[in-house]
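The values are calculated or read from the model by the stated rules, or taken from the named source; none is laboratory data. Not measured: the values here are computed from a predicted model. A quick note on method: Cβ atoms are made from the backbone with ideal geometry, for glycine too, and the neighbour counts reach across all protein chains shown. Quick note on the areas: whole protein, heavy atoms, side chains included, nothing else; ligands and nucleic acids left out. Shrake-Rupley method; radii C 1.70, N 1.55, O 1.52, S 1.80 Å.
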Amino acid sequence: MPEWAGRGDRGGRQRRAFGVGGALLGIALVMLLAAWRSNGFLSDLLLNIGSSVVLAAISYVIFDPLFEEARRARVQEHLSFDQHAFVTRLHRSGRRVRILDTWTILLEDTQREEALRGMRAALANGAQVQLLLLDPDCTAAQQRSEELERQRVDVPRQIRTNLRHLALFQDTLDARLRHRLQVRLYDASPSIQLYQWDSRALISFFPIGKLSFNVPQLEVDMDSPWGGFVHARFEELWEHEQATVNLERYWSVAVMLRHDDSDVIEMQVPYVSVEGQHYVDCSGFKARGPLTVRAVLPPRAPGGAPAVFALAEPADGDRTPADTVRRHFDQKYGGGDGPREIRRLVPPPEGSRTPAPRSAAAGDAHGR
């Protein structure tokens, strides 16, 4: 939660305390005035009640903030992550939902449809929904798989499946809701798991050899020291340009098709990265003849200089077998999109320079 949001919540609670205290003082004043105008038993009764209400109002204004601070500092422990309870909270969220994880169990088969309905409800309520998942192509994802070897969990595959469902879900949203859903991937060692709904959150750590969903979860207030700690970690990863990439850049890469030395047209094409090699699916333009492409790879590096690549058909004699590359495409995009025209991007020799665009078509493509 940003600092200004925390200040807004505290300011609202202070206004509430003064509002309730002011109302009680108003009631007490009316009673004391009535007692002054009355005689006998009624005057004594109103005087006593009015004095008690004054003390109650003063006590409320003084002690309510203290009780609120104590409530925020209180930590509740849960034995494991309760998917159903969190999805229920999603439906009621109206300000902010944040998820920081390697991959999220919410998007697995048994809970996915209900979780996506909960996200849609939160977006419709005006909440900003942010998901920060581990980059499936980074070293940390493979290391986490090795830690979970006994559990037989393929972490990169789980993440790719999550991202495929999120990309499909994003496509179903109208423009009013789509801009409130943000998905990014981080390239760092996973350390903290965070599931936040408005001002509350569940946090846990990643144990060796165990799934983080099956270990104790701490429910904290995001204004507490615990909440401030995980908020800072989330912000550090979210805002790090070199460590994160958004879902759009993960999902496709922009390539400029070239014929001879002339740029022809720019397209967004599916791609995967396997063992340091980059592959694109050319089925959208049916690569034929002496085509080359100009692209910025890896797409994680914003503002990088584009380079020209030749298109080579994968072969079993390559460092990465062709079947392995196809399996990566299927994990990332699903297997139902028809035949693929997979090509490996072959980098130019060292010291070669990227030719400048020469054709008018190139200017049109850049303007799109």
Seminar exercise, completed: Largest-first ranking of E248, E235, E313 by accessible area, probe 1.4 Å, whole protein assembly kept, is E313, E248, E235
Seminar exercise, completed: If the chain between E149 and E341 were fully extended at 0.36 nm per residue, the gain over the current Cα-Cα distance would be 65.8 nm
Exercise. Taking the Cα-to-Cβ direction at N214 and at D82 and moving 7 Å from each Cα, how far apart do the two end points lie in nm?
Worked result: 2.0
Exercise. Once you sort the root eigenvalues of the Cα gyration tensor of the range 139-256 as a ≥ b ≥ c, which label holds: rounded (a/c under 1.5), prolate (a/b larger than b/c) or oblate (the other case)?
Worked result: oblate
Problem set entry | Extended-chain gain in nm, criterion 0.36 nm per residue less alpha-carbon gap, T320 and E113 | 71.0 nm
Exercise. With every protein chain present, what accessible area does D198 have (1.4 Å probe, heavy atoms only), rounded to the nearest 10 Å²?
Worked result: 30
For this session: Quick one: net charge around R160, please, counting Lys, Arg +1 and Asp, Glu -1 for every other residue with C-beta under 10 Å from its C-beta.
Result: 0
Seminar exercise, completed: Heavy-atom accessible area of F169, protein chains in place, probe 1.4 angstrom, given in Å² to nearest 10, is 10
Problem set entry | Which of T139, T110 is most accessible, then next, and so on - probe 1.4 Å | T110, T139
Exercise. Within a Cβ distance under 10 Å of S145, other residues only, what is the Lys/Arg minus Asp/Glu net charge?
Worked result: -1
Exercise. Given 0.36 nm per residue, what is the gain on full extension from D330 to N125 after removing their alpha carbon distance, in nm?
Worked result: 70.3 nm
Seminar exercise, completed: Summed over the other residues with a beta carbon less than 11 angstrom from that of A124, with K and R at +1 and D and E at -1, the charge totals +3
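By accessible area of protein heavy atoms, probe 1.4 Å, what ranking do H179, H278 get, highest first?
Ranking H179, H278 by accessible area, largest first, yields H179, H278.
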Exercise. Each residue of the range 305-311 in order: what ³J(HN,Hα) in whole Hz does its phi give by Karplus 6.51 cos²θ - 1.76 cosθ + 1.60, θ = phi - 60°, with x for Gly and Pro?
Worked result: 7, x, 10, 8, 10, 7, 10
